[in-house]
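The next block holds one structure in the form of structure tokens; read it before the comments.
All of the numbers you see were taken from the coordinates with simple rules; none came from a lab. This structure is a prediction, so every number in the text was calculated from the model and none was measured. Here Cβ is always computed from backbone atoms with ideal geometry, including for glycine, and neighbour counts include all displayed protein chains.
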Amino acid sequence: MSSGSHAGRPQSWIAVAVIFVGFAVSGVALCLGPSWAMFWAGAGVMAAGAVLALLVDVMGDVVLAEKRQVALADERA
């Protein structure tokens, strides 16, 4: 788990970048015709990124903020 930062670990960002590249490749493939081979290649890259995300425990980067005490306007008056 990260140390109180909402930024995440570098390996988590690499997994997200791989998924994004696959998404972009698939999106471009749909605009180019569509080019189904390129589309499925991008989908494969997205799937590889998802597996990578599972391996690096990307969801372990979630940092829950502490509960804040919020005073109501009526209590201040």
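Placing dummy labels 7 Å off each Cα toward the beta-carbon, the span from Ala7 to Glu66 is 2.2 nm. Using the Cβ-Cβ distance between Leu30 and Met59 with R0 set to 30 Å, the FRET efficiency works out to roughly 0.55.
With neighbour counts taken as other beta-carbon atoms within 10 Å, the residues Phe20, Phe39 rank, fewest first, as Phe20, Phe39.
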